[in-house]
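S.K.: What follows is a structure written as structure tokens; I'll ask about it next.
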Amino acid sequence: MRVFVTGATGFVGSAVTAELLANGHRVLGLARSDRGADQLRRVGAEILRGALEAPATLEQGARTCDAIIHTGFIHDFSRFAESCAIDRAAIETLGAAIEGTSKPLIVTSGLASLDAAGRVALEADAARPPSHAYPRASEAAARALAERGIHAGIMRLPPSVHGEGDHGFVPMLIDMARQKGLSAYIGEGSNVWPAVHVKDAASAFRLAVEHGPGSGTFHAVAEQGIAFREIAQAIAAGLGIPCVSLTPAEAGDHFGWFSGFAALDQAASSQQTRALLGWVATGPDLLTDIREAGYFRASTG
């Protein structure tokens, strides 16, 4: 199978690319820069120069491949709404390019978009509709394609997709803790984050495209929920600084725009995904990775 991967040089996308190649598939990776193209060339992937904002390039990739995995997203929180609009347009473009075919398109989403606080989120749970407060519309776009008969599936990722090279939420927390001189959680810190190792997430994407046409929703969740307090304590231990509880008012000063994610309380199941795809998570857990995967070394640069 020849798979078109957007975001192929990113943290998750590069793991997806490696996973596909290791299992006998060909990969056409979207590369914005010479550096990205070189990265793809070194691992044996084919290269399509372009960007998420270039519809003609996305159409070319989708039409010339047997399946599409969309991991690309512009992670610039200073212009988050614009990034979300670009993402939505890219998904619509990819879907339109394969309309009338049996090609699967797997769209990346996040568990933070669900409204299932207080219970374990399931694959059948719907995401919140896009709003001014949270404008990401990946799932809304994918579901609109599915309603047109396009085989668009959704892969929901936890707030922590972890492993060496991670530049997501855990490194952000480490940087905040280093700058403030303390690691923090809110209240009792009993709110939970689900998590998955990046290589396990990659295998879930591969299995989803191998599963074939369909419009299912999958959860790449290895750990159902880790208390945020434990994450904060692991960061404190790694930096050798205090770990403290903050009130919600104090948390706003400490976490800033990240406060909503620090307060996120969303356990999630992957039981249906495991049963349907035969997916098995084998990577290290989040707290082990925080200790051993170079997070503190990487965050100093």
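S.K.: If Phe80 passes every condition in (1) more than 24 Å from Ala204 (Cα to Cα); (2) aromatic (Phe, Trp, Tyr); (3) touching a Gly at 6+ places or on another chain (Cβ under 6 Å) but one, which one does it miss?
M.R.: Evaluating Phe80 over (1) more than 24 Å from Ala204 (Cα to Cα); (2) aromatic (Phe, Trp, Tyr); (3) touching a Gly at 6+ places or on another chain (Cβ under 6 Å) leaves (3) as the failure.
S.K.: Could you please find all residues in segment 145-180 being closer than 22 Å to Ala263 by Cβ and touching a strand residue (DSSP E or B) at 6+ places or on another chain (Cβ under 7 Å)?
M.R.: Once the filter is applied, which keeps residues that are closer than 22 Å to Ala263 by Cβ and touching a strand residue (DSSP E or B) at 6+ places or on another chain (Cβ under 7 Å), segment 145-180 yields Arg156, Leu157, Pro158, Pro159, Ser160, Val161, His162, Gly168, Phe169, Val170, Ala177.
S.K.: Applying the selection to segment 41-57, what residues are touching a residue at least 12 places away in the same chain (Cβ under 8 Å) and farther than 24 Å from Ala22 by Cα?
M.R.: Hits for segment 41-57 are Gly50, Ala51, Leu52, Glu53, Pro55, Thr57.
S.K.: Consider Gly278 against the criteria (1) of a type outside the set (Val, Ile, Thr); (2) crowded, with 16+ Cβ neighbours inside 10 Å; (3) in the same structural domain as Leu111 (by TED's automatic domain parsing): it satisfies all of them except one. Which criterion is unmet?
M.R.: Result: Gly278 passes all but (2).
S.K.: Checking Arg128 against (1) at negative phi; (2) out of contact with any strand residue (DSSP E or B) (no Cβ under 8 Å at 6 or more places or on another chain): exactly one of these is not met. Which one?
M.R.: Looking at each condition in turn, Arg128 falls short on (2).
S.K.: Go through segment 1-23 and give me each residue that's surrounded by fewer than 21 Cβ atoms within 10 Å (Cβ to Cβ) and either in contact (Cβ under 8 Å) with a residue 12 or more places away in the chain or assigned to a strand (DSSP E or B) (or both).
M.R.: Scanning segment 1-23 gives Met1, Arg2, Gly10, Phe11, Ala18, Leu21, Asn23.
S.K.: Right, another one. Select, from Ser78, Ser33, Ser14, the only residue that is over 17 Å from the mean Cα position of the chain (by Cα), modelled with pLDDT of 95 or more and in the same structural domain as Ala208 (by TED's automatic domain parsing).
M.R.: None of the other options fit; the residue is Ser33.
S.K.: Given the residues Pro104, Pro129, which is the only one that is in contact (Cβ under 8 Å) with a residue 12 or more places away in the chain, of a type outside the set (S, T, N, Q) and closer than 30 Å to Gln271 by Cα?
M.R.: Pro104 is the lone residue from the list that is in contact (Cβ under 8 Å) with a residue 12 or more places away in the chain, of a type outside the set (S, T, N, Q) and closer than 30 Å to Gln271 by Cα.
S.K.: Oh, and also: Which numbered condition in (1) surrounded by fewer than 23 Cβ atoms within 10 Å (Cβ to Cβ); (2) farther than 30 Å from Gly187 by Cα; (3) touching a Lys or Arg at 6+ places or on another chain (Cβ under 8 Å) is the only one that Phe218 fails?
M.R.: (1)
S.K.: Does at least one position in segment 222-232 carry a residue that is of a type outside the set (Ser, Thr, Tyr) and farther than 25 Å from Asp175 by Cβ?
M.R.: Yes, that holds for at least one residue.
S.K.: Looking at segment 289-296, can you tell me whether even one residue there is under 20 Å from Ile186 (Cβ atoms), in contact with a helix residue (DSSP H, G or I) (Cβ under 8 Å, 6 or more places away or on another chain) and buried (at least 17 other Cβ atoms within 10 Å of the Cβ)?
M.R.: yes
S.K.: Also, quick follow-up: Restricting attention to segment 103-142, which residues are modelled with pLDDT of 95 or more and part of a helix (DSSP H, G or I)?
M.R.: Answer for segment 103-142, where residues must be modelled with pLDDT of 95 or more and part of a helix (DSSP H, G or I): Ser138, Glu139, Ala140, Ala141, Ala142.
S.K.: Given Gly95, Gly100, which one is crowded, with 23+ Cβ neighbours inside 10 Å and within 24 Å of Leu28 (Cα to Cα)?
M.R.: Gly95
S.K.: Give the residue, chosen from Arg143, Arg119, that is over 14 Å from the mean Cα position of the chain (by Cα) and either exposed (fewer than 15 other Cβ atoms within 10 Å of the Cβ) or polar (S, T, N, Q) (or both).
M.R.: When all the criteria are applied, what remains is Arg119.
S.K.: Of the residues that sit in segment 61-82 and are part of a loop (DSSP other than H, G, I, E, B) and among the acidic types (Asp, Glu), which one is farthest from Thr6 (Cα to Cα)?
M.R.: Across segment 61-82, the extreme among qualifying residues is Asp76.
The values are calculated or read from the model by the stated rules, or taken from the named source; none is laboratory data. Please read these numbers as outputs of a predicted model, since none were measured by experiment. Glycine also receives a Cβ, built like all others from the backbone with ideal geometry; neighbour counts cover every protein chain displayed.
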